[in-house]
Every structure is written in structure tokens, then in C-alpha cells.
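So the structure is just underneath, and the comments pick up after that.
Read the figures in this text as sums done on the coordinates, not as results from a lab. Everything numeric here is computed off the predicted structure, so don't read it as measured data. A quick note on method: Cβ atoms are made from the backbone with ideal geometry, for glycine too, and the neighbour counts reach across all protein chains shown.
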Amino acid sequence: MQRSKCILVVSHCILNQNTVIETEARALGAIPSIMEWAIKNGYGLLQLPCPEFTFLGLNRPPMTYEEYDTKEYRTHSQTILQPIINQLIEYKKQHYKIIGTVGIQSSPSCDPSRGVFMEEFLSLLSQNKIEIENLWYLPNTEQPQFISSKHHLLKKL
């Protein structure tokens, strides 16, 4: 069978809401609307690590962008992102297309427009000359529905 050779990079909690702080969980497990869309389009999924979970654990308090915007947290983010960057470099060598990334609107870490972890991820992509096509986000609603249209497209790169 042919492969699509298209990769979608997703924030950790898109596939595992169990790592989200209790007050922010939006699904039982994975976010169904994103999963259905990715499967329908034949995208392979590359899950980012959860920086908040690996930095402070599961019982961490809710925190803001400013509270996460520290040298220690940025260094931690870069460290846990390196294996992902290595995988993306290998995909690039093999002529795979990195379709985009899906982040979490209003997350202090994974909001593609203003998240500490996403800032580090985008910086590492740039440093390694890895191109991605789109920055999407899951809207910050109680029962989010992902729509890949311009409505949930932060920018086309």
C-alpha cells in the first residue's frame, strides 16, 4: 500500500487529554474531531511531548504564559523537543511533507500564536530548516470541534 508521506505534528494532549490539568480537559482521551480529520486525510501523526507534564507532573497548578516563560522551562522544552526535531529531519531527508502542527488555543505552552513550548518548537524548526505548511489550533471551548478551514488556521507558512 502507498503511504501518504504527510505528517501532522500534534500537541500531546490532542491524543491524550489525560495529561491536561483537571479543570482544562476537553475530552475523555483523544480529541475526536482532529483524529477523524487526520485519518480521513491520510496524515501520519507525530505527537509532541507534553512539556508541562514532564516539567511539573500531573498534579501541577494552572499557570500562565508568564509563569512558564523562564530559562529553565525553555531549556526543558528544547531538550524534550530534540527527539522530535531528529525525527522531522529524517522525514525531510526522505521527502515527506510536514503538513502542519495543531496546537491548543490559550495554552500557555502549546498555543501556536503565544505558547512558550510552541515558540521553542518553531525556533528549532527554523534553526534546522524544517518547513511546515500550516499552524492550526484547537479552539478553547468546552467541547471543541476542530475545523481545518481558515477558521482554525492561525497561518499558512
### Task
Rounding to the nearest 20 debye, state how big the charge dipole of segment 1-123 is about its Cα centre with +1 on each Lys and Arg Cβ and -1 on each Asp and Glu Cβ.
720
### Task
State which entries of 93/129; 71/97; 40/92; 5/92; 5/40; 92/129 exceed 20 angstrom in Cα-Cα distance in the structure shown.
71/97; 40/92
#### Entry: Fluctuation leader among 95, 76, 12 - the chain, Gaussian network, Cα springs under 10 angstrom
95
### Message
Taking 0.36 nm per residue of sequence separation and subtracting the Cα-Cα distance, how much length would be gained by fully extending the chain between residue 47 and residue 113, in nm to one decimal?
### Response
21.9 nm
### Query
What list of ³J(HN,Hα) couplings, whole Hz, do you get for segment 78-95 from phi and the Karplus terms 6.51, -1.76, 1.60, once you set θ to phi - 60° and write x for glycine and proline?
4, 5, 6, 7, 4, x, 5, 4, 4, 5, 5, 4, 5, 4, 4, 4, 9, 6
### Task
Take the Cα coordinates of segment 1-92, assign each an equal point scatterer, and use the Debye formula without solvent to give log10 I(q)/I(0) at q = 0.18 Å⁻¹.
-0.94
### Query
Is the shape of the chain rounded, prolate or oblate, going by the alpha carbon gyration tensor and its root eigenvalues a ≥ b ≥ c, with a/c under 1.5 for rounded and a/b larger than b/c for prolate?
oblate
